[in-house]
Every structure is written in C-alpha cells, then in structure tokens.
Amino acid sequence: MRVITDWHLHSRFSRACSQDLMLENNAKWCEKKGVNVLGTADFTHPVWFKEIEDQLEERERGLFRLKSGMYPGMRYMLTAEVSQIYKRGGKVRRIHNIILAPSLEAVRKINKWLDNNGANRKSDGRPILGFDSEELYKVFKSLDDNIVMIPAHAWTPWFSIFGSKSGFDSLEECYGEMTPYIYAVETGLSSDPLMNRQLKQLDKVMLISNSDAHSPRNFGREANVFEIEPEKFSYNEFIRILRERDAAAFKYTIEFFPQEGKYYLDGHASCGFSCEPDETNRLGGRCPKCGGVMTVGVLSRVNELADRPTMSFANDMVRLGMVPYKHIVPLQEIIAESLGVVSTSSVRVQAAYEKLITEVGNEFEILLDVPIARIVVVGGERVGRAIELMRAGKVQITPGFDGIFGQIKML
C-alpha cells in the first residue's frame, strides 16, 4: 500500500506556530492533504506530550491513532525537533535535529533525562539545548536503541548540519562515532535530492523531505512516499527502510522546487538584493547596496562542498539505486495564481480548494495522479493547465533568499 509521511512539523507550543495545531485538527488536514503518517511534533513539551498521551492510542507498533475514532485511517509517529547550540572544533555550532521515537515509554525516558540535565522543556515546543549532537545521540541510544536522530533541513544557513553560518563540512565532524546511525538527512525546502547527490558522502544515507509546517495548511508541502505491505506497517519498518536504504520500498520524495525555498540564493533581505554564487564571490560576500554581509544560501553552500560535477542523471536515479523525487507546488498556491489572488488564505481560494478536495480527491491525488480533464471539470481550465505545467516542471521562479520565499508561476 502507498503510505505518505510527513515527520517534521510543530505544535502550537512552538514559536510562531498556528493555534490550530491540535491533534484532531491535524488529522482532519491530513485527510485533506493525503498524508497517511504525520509526526506528532514537539513531544518534549510537557503540555503537548500530555495531550499526546491522553488523545492517542497505539494501533500498530510505534504508530498511533486518535482514541476518539475520528479519521481512523490516519496515523501519528512520535517525533520532535531539538535546537542545539554548542561549541565543537573551536566554533559555535547551531544544529537542528529531528528525533524519532518508537514508543511513549521511550519519550518519557527522553523527557526525564532532559529534565535531569537542566533542559527547559516548557519554554518552547522546539527546546534549545546546549548538548553536542554526538553526545546527545549516544544518550538517546542508551535510553532506547530504536530512537533515531536525523539532521533537519540540512542546508539552512543558520541552524543545520551543513549551514553556512554555523554548520559542519561533513556528517562525521558533527556526529563522530554516531555517524553510522545517521540513516537519513532531511534536504529542506531550499534543496532537492539532485543537489544533495553532488556530495559523495551522502551516498550512504537516505534523503527525506518533510514540511516543517507551522500550520496545518502547510502539511505535506514536502513528504515521503513508501510502498509497505499492510502486515509490516510499523515504526520499525520505516526505520528498517531508512537503515537498509531500501529504494524499492521508498518510492520517491515530494519536493518544493528548491528555488522557491527562502534560502536558495545568496542575498541581503533588507536591501532586496540576491545573487548567484559566482556574483557573491565577485562581490566579496558583501551587499552592493549597503556593504553589509550577505547571507550565503543553499546553492552556494552545496557548490562549496560538492565533490561531484553538477548532477545530470535525474532520470537515472532509480537505476543507480537512489530514491527519485517529484516537484510540486501546493494546491492552494496554484488556485491563488489561477484566480489572480495574492493570498492563499482568501475566501475565494479556500472555497475553490474545498470544492476540489470534496469532489475530486485529496491534495496529493490532485497534484500527482488525477487526470487533468477531471480537474478541469471541477476546478476550471486555469487550475487544470497550471497543474499540467507543474507536473511537467514548466514553471517560472524568482528564487528565494535570506529568509524570503521565492515566487513561482505557471501561467
């Protein structure tokens, strides 16, 4: 059976996150989106974890459903993200890691250890910790060997394993002895698998994609698609697929066009200036408008660490044992462009979105599977044409930079 997962998101207890992020509401949005397994997010936060304990029950090993019986086909996996600030190799490092846990008891052990070691779990759904990534992973493995750590949004300049501001140049630099237990790396919105495959060191890990959503409307803007036999459907099976790099079971990832991500190019947001890596080098890394230091984006950082030429085998990824990918544009963005509306939250966009979801299918079915003619009947010619162009990769993008999302157009 096809299983679509989104493991990295946040709860309403994380900074700058929607108050609509509640377990039952999240499940409702997963049904609209076509997400089958959603991360709980933020299991380190005491109030949110109490809601998880009270509202969820284990259905398959390590997978949970709502006790209320609502949305019975949707599952939760126990996940969290931690923010770590610490010194290593003479530099201050700022790293975000995703934590996957196999059971409520494993989460209780994590939370107890954090409490005993001075962590403030109440301050934010994504707690800030002063622990080294290698040492923290050793602790988690000692608590439960099935706990898994995954580098989050690997290329984001400020908080990531390869970030230009405070990251590392290799997995080994960051995770040391625990590197063999890094089964996957999250590519983030501003890079895609083809960019990541320019680094030979990433050949030994899976590349995953998640939404990092701060509101339910953004669930599934990036996701992972698996083919799993119903009798094997469990937390352990997902981890096995990642650990063994089972490209037969991991069918593809669903990706932003990376240029739409908000850290793709180099630039200086306050001056509205952005540029390609070669121009950054010519300018000495300084904004030509104000002389300030530009934020070095993902494209530059990938080019800096790449030890392969620009990859040209996207169509051969399956033959080479790599998980392929598909680029999408979120359906609400497509509808907004089709209607000539600026905001995706407008009444017209939401009405059109709900009509398509009700009459045609969930968002992933509409974006990836449903015949264009069927979409046209319900959504109109412009929506159908935009989805057709998106599927063909025929889009026009003004790339994002320094925290500003890129602008993508199809029509």
Problem - Filter result for the condition that a residue is in contact (Cβ under 8 Å) with a residue 60 or more places away in the chain, in a loop (DSSP other than H, G, I, E, B), under 30 Å from Q201 (Cβ atoms) and in contact with a strand residue (DSSP E or B) (Cβ under 6 Å, 6 or more places away or on another chain), over V323, V318 - result: V323
Fill in the blank from the handout: Going through the stretch 191-226 in order, the residues found to be part of a helix (DSSP H, G or I), farther than 15 Å from A306 by Cβ and over 13 Å from the mean Cα position of the chain (by Cα) are K204, P216, R217
Completion exercise
If we keep only residues of the stretch 1-26 that are farther than 18 Å from Y71 by Cα and of a type in the set (S, T, Y), then the residue surrounded by the most Cβ atoms within 10 Å (Cβ to Cβ) is S11
Practice task
Considering each of G163, G188 in turn, give the residue that is among the small types (G, A, S), crowded, with 24+ Cβ neighbours inside 10 Å, in a loop (DSSP other than H, G, I, E, B) and in contact with a His (Cβ under 7 Å, 6 or more places away or on another chain).
Solution key: G188
Exercise for the section: Determine whether D278 is surrounded by fewer than 19 Cβ atoms within 10 Å (Cβ to Cβ), at pLDDT below 95, charged (D, E, K, R) and assigned to a helix (DSSP H, G or I). Expected result: no
Exercise for the section: Provide a single number: the residues in the stretch 110-149 that are of a type outside the set (D, E), outside any loop (DSSP other than H, G, I, E, B) and in contact (Cβ under 8 Å) with a residue 12 or more places away in the chain. Expected result: 16
Handout entry: Which listed residue, of I408, I335, is in contact with a Phe, Trp or Tyr (Cβ under 9 Å, 6 or more places away or on another chain) and more than 22 Å from S190 (Cβ to Cβ)
Key = I335
Exercise for the section: Would you check if T398 is at pLDDT below 95, within 23 Å of the chain's Cα centre (by Cα) and of a type outside the set (K, R)? Expected result: no
Practice task
Hey, can you tell me all the residues within the stretch 70-92 that are farther than 20 Å from D212 by Cα and either in contact with a His (Cβ under 9 Å, 6 or more places away or on another chain) or surrounded by 13 or more Cβ atoms within 10 Å (Cβ to Cβ) (or both)?
Solution key: M70, Y71, Y86, R88
Exercise for the section: Might you let me know whether the stretch 52-69 holds any residue that is under 18 Å from S215 (Cβ atoms) and in contact with a strand residue (DSSP E or B) (Cβ under 9 Å, 6 or more places away or on another chain)? Expected result: no
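The values are calculated or read from the model by the stated rules, or taken from the named source; none is laboratory data. Bear in mind that the values here come from a model prediction, so they are computed numbers and not experimental data. Positions of Cβ are generated from backbone atoms using ideal geometry, with glycine treated the same way; all protein chains shown enter the neighbour counts.
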